[in-house]
Amino acid sequence: MSVTASFDLLLRGGRVICPASGVDGLKDVAIRNGKIAAVASDILPTSAREVVDVGG
């Protein structure tokens, strides 16, 4: 069975601030084709081709 990553890059554990949506906290940001594709508290690292820990 072939598994392909749905995201190109995953930035894990960085602080995300978005006043428009009221988000302010540690989140993961997934990028696909140069655009933000998902922002969530815990995105699986296996869902991306490259993973960068941006915490701290």
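Each value in this text was obtained by applying a stated rule to the coordinates, not by laboratory testing. Note that the structure is predicted; figures quoted are calculated from it, not measured. When we count neighbours, we look across all protein chains shown, and the Cβ atoms used for this are built from the backbone with ideal geometry, even at glycine.
In this label model, ALA38 and ARG15 are separated by 2.5 nm, measuring between points 7 Å along each Cα→Cβ vector.
DSSP beta bridges in the chain, what fraction antiparallel, as a percent rounded to 5? Antiparallel: roughly 70 percent of the beta bridges in the chain.
Give me the percent relative contact order of the chain, please, defined on Cα pairs under 8 angstrom at least 6 residues apart.
44
Derived scalar couplings between HN and Hα for the range 13-24 equal x, x, 7, 10, 10, 9, x, 5, 10, x, 8, 7 Hz in order, rounded to whole Hz, by the Karplus curve 6.51 cos²θ - 1.76 cosθ + 1.60 (θ = phi - 60°), x for Gly and Pro.
In the list (i) 44; (ii) 31; (iii) 51, the label attached to percent of Cα pairs over 18 Å apart as derived from the coordinates here is (ii). Computed about its Cα centre, the charge dipole of the chain is approximately 120 debye, with only Lys, Arg, Asp and Glu carrying charge at their Cβ.
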